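The values are calculated or read from the model by the stated rules, or taken from the named source; none is laboratory data. Quick caveat, the model's predicted, so the values are computed rather than measured. Glycine gets a Cβ as well: all are built from the backbone with ideal geometry, and neighbour counts include every protein chain shown.
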Amino acid sequence: MSIRKSLSGLWALLAWNKASYALLSLFVFTVLLILYVWQPLVEEYMALFDPAYPVWKQIDWLLVGIFAFMSLLIMAGADLRRDAWVVLVGLVGGLVIESWGTQTLLWTYYTDERPPLWIIPAWPIASLAIDRMVRLASRTLPAEKERAYRWLYWISFTAFLGIMLAFIWPTFDQPLTWMALIICLLLILTPNDRRLSLLTFAAGAGLGYFLERWGTTRECWTYFTGQTPPLFAVLAHGMAAVAFWRAKLLLVLAAARLHISFQLLSRSSAYRSSTGIDQR
């Protein structure tokens, strides 16, 4: 009976619906499309398998675990209309971040692409997973301790800035690095919700650690410091998650205001037409 209650509680917490399965289908389709378009990379990876050893010993269980975890998360409480904004921001933001890092040689991919397009879809997928992690965490953590969140916010993000400055110092003469630093400063100095900012930062860094651990230890990408991974790279996923979340809020607000403006304009036109004002 307790097992049944636990399963029903887990199901209620995950809140899977029809949109969940549609989102999972899009996720699987994207992965298959990447595998098809970049077949040489797949063939190169498959060539690493040695028939002399059991297959289960050669499976990349860390990669399987990451994909399974994100697959389950993106299905939780899916809403295609809302998630479309997350995907859009993740795609654009991921392209900007990868362009900055690879153009300044803070990190390089084994294919030497700057940046490789096949890595870009990973950003919106991770963004969806982080969105679910934040929503689940916000249900359990208290929202009343504003003073504690304020102190923790400034300590966490000030520490991040210090780590960022130390890491990007070799590329301080490049405009893309200045742009990244200015964006981070603007985001940190204008918090709209410190509690959600902290939760988003923590969720992004938490997921980012496993992504970076996989990528750097498999030499899919390499940082100029040679660390696997560097602390900045892990925390940068948290900062990127905050940036994506804030960008999504701005886009949704702009779209809502634009929608209201169109409604007012159409009503005004209809009124003028019905009263014959336009004919006078």
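Has region 175-182 got at least one residue that is within 30 Å of Ile59 (Cβ to Cβ) and among the aromatic types (Phe, Trp, Tyr)?
no
So Ala255 clears everything in (1) farther than 28 Å from Leu41 by Cα; (2) aliphatic (A, V, I, L, M); (3) modelled with pLDDT of 95 or more except one condition, right? Which one?
Ala255 satisfies all of (1) farther than 28 Å from Leu41 by Cα; (2) aliphatic (A, V, I, L, M); (3) modelled with pLDDT of 95 or more except (3).
Does Phe27 qualify as being modelled with pLDDT of 90 or more, within 17 Å of Leu128 (Cα to Cα) and in a helix (DSSP H, G or I)?
no
Looking at (1) surrounded by fewer than 12 Cβ atoms within 10 Å (Cβ to Cβ); (2) under 27 Å from the mean Cα position of the chain (by Cα); (3) modelled with pLDDT under 85, which is the one condition that is false for Leu14?
(1)
In region 181-195, which residues are of a type outside the set (D, E, K, R) and surrounded by fewer than 18 Cβ atoms within 10 Å (Cβ to Cβ)?
Within region 181-195, Leu181, Ile182, Ile183, Leu185, Leu186, Leu189, Thr190, Asn192 meet the criteria.
Would you mention how many residues in region 76-111 are in contact with a Ser or Thr (Cβ under 9 Å, 6 or more places away or on another chain), among the hydroxyl-bearing types (Ser, Thr, Tyr) and surrounded by 15 or more Cβ atoms within 10 Å (Cβ to Cβ)?
4
Could you count how many residues in region 87-113 are more than 20 Å from Leu181 (Cα to Cα) and in a loop (DSSP other than H, G, I, E, B)?
Residues meeting the conditions: 4.
Residue by residue, here is whether (1) under 23 Å from Tyr110 (Cβ atoms); (2) surrounded by fewer than 20 Cβ atoms within 10 Å (Cβ to Cβ); (3) more than 16 Å from the chain's Cα centre (by Cα) holds:
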{"residue": "Thr216", "(1), (2), (3)": "yes, yes, yes"}
{"residue": "Cys220", "(1), (2), (3)": "yes, yes, yes"}
{"residue": "Thr225", "(1), (2), (3)": "yes, yes, yes"}
{"residue": "Ala240", "(1), (2), (3)": "yes, no, no"}
{"residue": "Ala247", "(1), (2), (3)": "no, yes, no"}
{"residue": "Leu253", "(1), (2), (3)": "no, yes, yes"}
{"residue": "Ala256", "(1), (2), (3)": "no, yes, yes"}
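Scan region 141-163 and report the pairs whose first residue is part of a helix (DSSP H, G or I) and whose second residue is loosely packed, with under 15 Cβ neighbours inside 10 Å, with Cβ atoms within less than 8 Å and a gap of 6+ or a chain change.
Qualifying pairs under 8 Å: Leu161/Leu185.
Results for (1) in contact (Cβ under 8 Å) with a residue 24 or more places away in the chain; (2) out of contact with any strand residue (DSSP E or B) (no Cβ under 6 Å at 6 or more places or on another chain); (3) within 25 Å of Thr228 (Cα to Cα); (4) of a type in the set (Val, Ile, Thr), shown as yes or no for each residue.
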{"site": "Ala68", "(1), (2), (3), (4)": "no, yes, yes, no"}
{"site": "Leu72", "(1), (2), (3), (4)": "yes, yes, no, no"}
{"site": "Asp79", "(1), (2), (3), (4)": "yes, yes, no, no"}
{"site": "Arg82", "(1), (2), (3), (4)": "no, yes, no, no"}
{"site": "Trp85", "(1), (2), (3), (4)": "yes, yes, no, no"}
{"site": "Ile97", "(1), (2), (3), (4)": "yes, yes, yes, yes"}
{"site": "Gly101", "(1), (2), (3), (4)": "no, no, yes, no"}
{"site": "Tyr109", "(1), (2), (3), (4)": "yes, no, yes, no"}
{"site": "Arg114", "(1), (2), (3), (4)": "no, yes, yes, no"}
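What are the pairs, 6+ residues apart or on separate chains, where a residue within region 38-52 that is assigned to a loop (DSSP other than H, G, I, E, B) has its Cβ under 8 Å from a residue that is not aromatic (Phe, Trp, Tyr)?
Leu48/Gln58; Phe49/Val55; Phe49/Gln58; Asp50/Gln58
Take Ile130 and tell me if it is within 13 Å of the chain's Cα centre (by Cα) and surrounded by fewer than 21 Cβ atoms within 10 Å (Cβ to Cβ).
So Ile130 fails the test.
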